[in-house]
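The values are calculated or read from the model by the stated rules, or taken from the named source; none is laboratory data. Since we're looking at a predicted model, the values are computed, not measured. No Cβ is skipped: glycine too gets one built from the backbone with ideal geometry, and neighbour counts run over all protein chains shown.
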Amino acid sequence: MAEKFKIYTKGGDKGETSLLGGARVAKSHERVEAYGNLDELNSFIGLVRDQNIDAHYREILLIIQENLFIAEALIARDPDKIVRDLPILKEEVIILLENEIDAMNEALPLLQHFILPGGHPVVSICHVARTVCRCAERSVIRLNQFSPVDEIIIHFLNRLSDYLFVLARKTGKDLGAQEVCWIPKTK
């Protein structure tokens, strides 16, 4: 009979957590911050996926979420220990994002100015996910400055924020939302 799974272990009650591989670190550790930001991003991607958007985009977002979990696991591992049976992040997901960006861009007007986030709740949620992605990317880059991170994770996050930006524009177009350009006033 399977052992009952408990959500709480009390192991983190003193402000520490375990990395994959067993090392204990402070919950404020840069590695925990990085995979926590990836987890926050994954939740926002789930929120985008739950919106009334084209089924194709929901499928792509699910693939993205699965790959974000892989990135989280890779960041959460103890760099000083060999952790077996971890999945790998593959270049194919970056190629998928690039192909999706290109396909969406074909249906969009040429971007000649910055645009202001908004116009429809779905568009706004996509932009929030994009900014959370950039935050996660920055925390992974900070971690990489003192503890090497698989380069593909940084590539993935950079391309993902681009994807979310274009998805915001494309869903806005699909929903008939007005895209408001930011044109700075010089006087």
(Q) Of everything in segment 152-187, what is part of a loop (DSSP other than H, G, I, E, B) and surrounded by fewer than 17 Cβ atoms within 10 Å (Cβ to Cβ)? Give them in sequence order. (A) L175, G176, Q178, I183, P184, K185, T186, K187
Q: Only one of these is aliphatic (A, V, I, L, M) and farther than 24 Å from L111 by Cα: A168, A136, A129. Name it.
A: A136
Q.
Which of the numbered conditions does R24 fail, given that it passes all the others? Conditions: (1) basic (K, R); (2) modelled with pLDDT of 95 or more; (3) exposed (fewer than 14 other Cβ atoms within 10 Å of the Cβ).
A. (2)
**Q.** Number of the condition not met by S28 [criteria: (1) part of a loop (DSSP other than H, G, I, E, B); (2) under 18 Å from C135 (Cβ atoms); (3) touching a residue at least 24 places away in the same chain (Cβ under 8 Å)]
**A.** (3)
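Only one residue in L108, L62, L47 is over 17 Å from H155 (Cα atoms), in contact (Cβ under 8 Å) with a residue 12 or more places away in the chain, of a type outside the set (K, R) and outside any helix (DSSP H, G or I). Which one? Reasoning before the result, please.
Working: L62 fails: outside any helix (DSSP H, G or I); L47 fails: outside any helix (DSSP H, G or I).
Exactly one residue qualifies, and that residue is L108.
Is it the case that E40 is farther than 21 Å from S147 by Cβ and either among the small types (G, A, S) or at pLDDT 95 or above (or both)?
Values: farther than 21 Å from S147 by Cβ: no; either among the small types (G, A, S) or at pLDDT 95 or above (or both): yes.
So E40 fails the test.
Has segment 77-97 got at least one residue that is under 30 Å from L175 (Cα atoms), without any contact (Cβ under 8 Å) to a residue 12 or more places away in the chain and among the β-branched types (V, I, T)?
In the first step, residues of segment 77-97 are kept if they are under 30 Å from L175 (Cα atoms); the result is 92-97.
In the following step, the residues that additionally are without any contact (Cβ under 8 Å) to a residue 12 or more places away in the chain were identified as 92, 95.
Subset that is among the β-branched types (V, I, T): 95.
Yes, because at least one residue in segment 77-97 is under 30 Å from L175 (Cα atoms), without any contact (Cβ under 8 Å) to a residue 12 or more places away in the chain and among the β-branched types (V, I, T).
Within the group Q65, Q51, which residue is within 18 Å of V132 (Cβ to Cβ) and in contact with a Cys (Cβ under 9 Å, 6 or more places away or on another chain)? Show your work before the answer.
Numbers: Q65 fails: in contact with a Cys (Cβ under 9 Å, 6 or more places away or on another chain).
One residue alone meets the criteria, Q51.
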Q.
Out of everything in segment 65-107 that is over 23 Å from the mean Cα position of the chain (by Cα) and modelled with pLDDT of 95 or more, what residue ends up being surrounded by the fewest Cβ atoms within 10 Å (Cβ to Cβ)?
A. E106
Q: Taking R138 as the residue in question, decide whether it is without any contact (Cβ under 8 Å) to a residue 40 or more places away in the chain and loosely packed, with under 15 Cβ neighbours inside 10 Å.
A: yes
Q.
Given the criterion buried (at least 20 other Cβ atoms within 10 Å of the Cβ) and in contact (Cβ under 8 Å) with a residue 60 or more places away in the chain, identify the matching residue among V149, V132.
A. V132
